[in-house]
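Step one of this worksheet: look at the structure below.
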Amino acid sequence: MLETVSALAMPTVVVAVGLLLLFGKSNYFDSFLRGAKQGLQISVNLLPTLVALMVAVAMLNASGATETLSNLLSPVAAHVGIPTELLPLLLTRPFSGSASTAAYSTLLEQVGADSLAGLCASVIFASSDTVVYVIAVYFSSVNIRHTRYAFPCAFAVMLFCIFFSCFLCRLWFF
Amino acid sequence: MLGKIFGILCLVALVFGGICGNMTDVANAIPDGAARAVEVTISLCGMMCLWCGLMEVLADAGVIRRLSRLLSPFLRRFFPNAYRTGEGAEEISAAISANLLGIGNAATPLALRAMEQMQKHNPDPTRADGEQITLAVLNTASVTLIPANLLALRRAAGSSDPFAIMIPVWLTSCLCAAMALLLTSIPRFFSKKGRRTQKRK
């Protein structure tokens, strides 16, 4: 039942748009093409940033830094139930979407998409955002310098997200 | 900021690679990483095109508008000033609806316009207003109904069931959004109380 719901969500959207294209009054296919072109632009624009950050994350992993740091943190991490493989993702997530995409896809390649760490990373990646980046952009756009309790609240929500994701994945999948 | 992240990661890699004697691995990682970036972009690209196209159709068909009308009675409670004055109310609900549909590139300009509108009623323009903070924090915990990019990456990484994470993602992101609303409401609740007692004096 639950499996069907999650498998159906995406086809539902595709079929709904298909129905709009079939019965809609205006020419929605032009809208589709415009949007798809934007999507292409976004992913092409992503590549230069991603090249730099994928190289950096790959170097970090190859140097043994990730492993050493993970080993150092593993007693703590195991105690609170967070897989240590998540470390690069957790460190980059608040700052940059492309850096965390790099960390996320490297992680999936290393431990597999269906392992506990891969599943936890997926839930964290989907339900958190680039906290520092978003808040900086929002407030600097209106020249606000005192962000007051914005950062503490946003980081508290993100911490909650990390712990809850790992807890839920253990409960849900294993 | 990205430059700094890149620099820090490279320096740490160099130092650890030197200490652990993994310099050849580090060297090999450079061309591998660059090639991986292209692989990741290619596995994302098709899905990005498809999804942005579909969402553009939904946006043109007025789905964002309808969704934001559905959300406004609920959002009214958390943005009382914006809704009372009408400044930014539309943009707030449209930005949250766009986030919900996963149209990030539509959500950001809407949210920035909302911030600008709310700034008109901000008593001190250099200090963030309570409602502005709520909007910013809520958008960092944005609920997305279908995380299309993530599903494409999981599929490309060889997951047997990339969609299995959907319900945990919905649960987690809804709870995070609730946490964001709750946490940012606490200081506002107390400051309102404080202002009232001050007035009485």
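So which residues in the range A:106-164 are of a type outside the set (D, E, K, R), facing chain B (nearest Cβ under 8 Å) and not in a helix (DSSP H, G or I)?
Result: A:Gly112, A:Ala113, A:Ser128, A:Thr130, A:Ser141, A:Val142, A:Asn143, A:Ile144, A:His146, A:Thr147, A:Tyr149.
From B:Ile165, B:Ile146, B:Ile133, B:Ile103, grab the single residue that is over 30 Å from A:Asn143 (Cβ atoms), of a type in the set (Val, Ile, Thr), surrounded by 18 or more Cβ atoms within 10 Å (Cβ to Cβ) and touching a residue at least 24 places away in the same chain (Cβ under 8 Å).
After ruling out the rest, the residue left standing is B:Ile146.
Which is surrounded by 13 or more Cβ atoms within 10 Å (Cβ to Cβ), touching a residue at least 24 places away in the same chain (Cβ under 8 Å) and of a type in the set (Lys, Arg), of A:Arg34, A:Arg93?
Checking each option against the conditions leaves just A:Arg93.
Exactly one of these conditions fails for B:Leu153: (1) within 10 Å of chain A (Cβ to nearest Cβ); (2) part of a helix (DSSP H, G or I); (3) closer than 24 Å to A:Phe155 by Cα. Give me its number.
Failing condition for B:Leu153: (3).
When B:Ala180 is evaluated against the numbered criteria (1) touching a residue at least 24 places away in the same chain (Cβ under 8 Å); (2) more than 8 Å from chain A (Cβ to nearest Cβ), which criterion, by number, is the only one it fails?
For B:Ala180, the exception is condition (2).
Counting residues that are over 21 Å from the mean Cα position of the chain (by Cα), which helices (runs of 4 or more DSSP H) fully inside the range A:1-92 reach at least 3?
A:2-23, A:28-63, A:65-80
One line per residue, one yes/no per condition, for (1) touching a residue at least 40 places away in the same chain (Cβ under 8 Å); (2) over 23 Å from B:Gly62 (Cα atoms); (3) more than 7 Å from every other protein chain (Cβ to nearest Cβ):
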{"site": "A:Pro11", "(1), (2), (3)": "no, no, yes"}
{"site": "A:Asp30", "(1), (2), (3)": "no, no, yes"}
{"site": "A:Val44", "(1), (2), (3)": "no, yes, yes"}
{"site": "A:Pro48", "(1), (2), (3)": "no, yes, yes"}
{"site": "A:Val57", "(1), (2), (3)": "yes, yes, no"}
{"site": "A:Ser63", "(1), (2), (3)": "no, yes, no"}
{"site": "A:Thr68", "(1), (2), (3)": "no, yes, no"}
{"site": "A:Leu72", "(1), (2), (3)": "no, yes, yes"}
{"site": "A:Gly81", "(1), (2), (3)": "yes, yes, yes"}
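Out of curiosity, is B:Gly62 out of contact with any Asp or Glu (no Cβ under 8 Å at 6 or more places or on another chain) and more than 8 Å from every other protein chain (Cβ to nearest Cβ)?
yes
Could you tell me which of the residues B:Gly46, B:Gly53 is assigned to a helix (DSSP H, G or I), closer than 27 Å to A:Thr12 by Cα, touching a Leu at 6+ places or on another chain (Cβ under 9 Å) and at pLDDT 90 or above?
One residue alone meets the criteria, B:Gly53.
Just a yes or no: is a residue in the range A:105-116 closer than 30 Å to B:Glu116 by Cβ and among the polar types (S, T, N, Q)?
Within the range A:105-116, none of the residues are closer than 30 Å to B:Glu116 by Cβ and among the polar types (S, T, N, Q).
The values are calculated or read from the model by the stated rules, or taken from the named source; none is laboratory data. What you see is a predicted model; the values in this text were computed from it and never measured. So basically every Cβ, Gly included, is an ideal-geometry build from the backbone, and we count neighbours across all protein chains shown.
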